[in-house]
Amino acid sequence: MNLKKIALMIAGSAALTMGSMGTAAAADYAVVLKTLASPYWVAMKDGVLAQAKKEGVQVDVFAANSEDDIAGQQRLMEDVINKKYKAVGVAPISPVNLVQQITSASKKGIYVVNMDEKVDMAQLKASGGKVEAFLSTDNMKIGEKAGQYILKKIGAAGGKVAIIEGKAGNSSGDARRDGVKKSLGTAKNVQIVASLPADWDRSKALDVATSVLQRNPDLKAFYAANDTMALGAQQAVKNAGKQGKVIVVGTDGVPEAVDSVKRGELEATVAQDAHALGAKSLEILVKKVKAKAPIKFDAAPEMVSIESKVITKN
């Protein structure tokens, strides 16, 4: 099977819920992430596992091969449903790719919490599904904070700015793009010369940024919708000999990006607390299971916002 299935199980004292005979209890909780191929998702997994230790429960964490592996994530979610976990946290690759599976889970009495990428709530409701809560950083505000910071750095003179988007149609990336455009739009002397997708990929971002710089040698700033792409854009700036002349602001606050900021390469990153998001998601799931409350399909999901912050060299 081509599907790469990653199951990370808590072990030892960090660990397993023990039965009266000293044997490990089966996991009641599962988390299905987009991928574990970036520090952001690894941090979210770590938050889940840390909260599991605190709660004294066992959780299985699964992830698709990549953020393009829609079919793989669907199979993972179907497998989770068949194994009859009591509660599942899920970060869909797209707003619609897990609607059917989430519906199936909730109809079977499995509590579902939606993490990071928001499921299409209209489609979910139409299919008869339910999530108990949606947890995310406010992606619109992330973009707004980045735009405000860029305006501050380029100053009254204004100038040209380019946006490197995530994957077309991805709601998180679209919200960040719209947020930065909203902030930049408040300055009459700032021109957005490009807003192009690089699919969350570093090498694609390098190519996009290189092309933008060639067409706009007087560019003042890039905003990238994640740090992986920001690092690619930063490499393009360096290759063009424009370090210190063109600033790059990223998103997520992953360790490599923070280190780049410390070195004076990336200008800034708007950090999400993926660890806290993962921890809070499992906390909600544990409360639902302990309460044994019936799933209320007509009730709106709880909305939980995790705060973001701008990280700069200072």
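When you check ILE154 against the structure, is it under 20 Å from the mean Cα position of the chain (by Cα) and over 16 Å from SER94 (Cα atoms), yes or no? Answer is no for this residue.
Restricting the range 40-51 to residues that are over 17 Å from LYS287 (Cβ atoms) and out of contact with any strand residue (DSSP E or B) (no Cβ under 8 Å at 6 or more places or on another chain), which is surrounded by the most Cβ atoms within 10 Å (Cβ to Cβ)? Please lay out each step first, then the result.
Restricting attention to the range 40-51, the residues satisfying the condition of being over 17 Å from LYS287 (Cβ atoms) are 40-46, 49.
In the following step, the residues that additionally are out of contact with any strand residue (DSSP E or B) (no Cβ under 8 Å at 6 or more places or on another chain) were identified as 42-43, 46.
Values: VAL42: 19, ALA43: 21, ASP46: 17.
Only one residue fits best here, namely ALA43.
Give me the pairs, please: first residue somewhere in the range 250-261 and at pLDDT 90 or above and open to solvent by 30 Å² or more (accessible area, probe 1.4 Å), second residue anywhere and in a helix (DSSP H, G or I) and charged (D, E, K, R), beta-carbon distance under 8 Å, and either six or more positions apart or on two chains. That search, which allows pairs on different chains as well, returns GLU256/ASP227. Starting from residues that are over 16 Å from ILE81 (Cα atoms) and among the aliphatic types (A, V, I, L, M), keep the ones in the range 106-135 and report whichever is surrounded by the most Cβ atoms within 10 Å (Cβ to Cβ). Per the stated criteria, the residue is MET115.
Here's the yes/no breakdown for (1) in contact with a Ser or Thr (Cβ under 7 Å, 6 or more places away or on another chain); (2) under 27 Å from LEU36 (Cβ atoms); (3) in a strand (DSSP E or B):
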residue	(1), (2), (3)
VAL248	no, yes, yes
ASP259	no, yes, no
VAL286	no, yes, no
LYS290	no, no, no
PHE297	no, no, no
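Mind telling me which of the residues ALA279, ALA293, ALA224, ALA240 ends up being over 20 Å from the mean Cα position of the chain (by Cα) and at pLDDT 95 or above? None of the others qualify; the one that does is ALA240. Considered as a group, the residues in the range 52-105 that are polar (S, T, N, Q) and open to solvent by 50 Å² or more (accessible area, probe 1.4 Å) include one that is farthest from ALA175 (Cα to Cα), and that residue is ASN82. Scanning the range 84-119 for residues that are modelled with pLDDT of 95 or more and charged (D, E, K, R), we see that the one that is nearest to the chain's Cα centre (by Cα) is LYS86.
Does GLN234 fit the bill of being open to solvent by 70 Å² or more (accessible area, probe 1.4 Å), touching a helix residue (DSSP H, G or I) at 6+ places or on another chain (Cβ under 7 Å) and either touching a residue at least 12 places away in the same chain (Cβ under 8 Å) or hydroxyl-bearing (Ser, Thr, Tyr) (or both)? Walk me through how you get there before you give the answer.
Values: open to solvent by 70 Å² or more (accessible area, probe 1.4 Å): no; touching a helix residue (DSSP H, G or I) at 6+ places or on another chain (Cβ under 7 Å): yes; either touching a residue at least 12 places away in the same chain (Cβ under 8 Å) or hydroxyl-bearing (Ser, Thr, Tyr) (or both): yes.
No, not satisfied.
The values are calculated or read from the model by the stated rules, or taken from the named source; none is laboratory data. Being a predicted model, the structure only gives us computed values, none of them experimental. Please note: Cβ atoms are built from the backbone with ideal geometry, for glycine as well, and neighbour counts cover all protein chains shown. Protein only, heavy atoms only, side chains kept; ligands, DNA and RNA dropped before computing areas. Shrake-Rupley method; radii C 1.70, N 1.55, O 1.52, S 1.80 Å.
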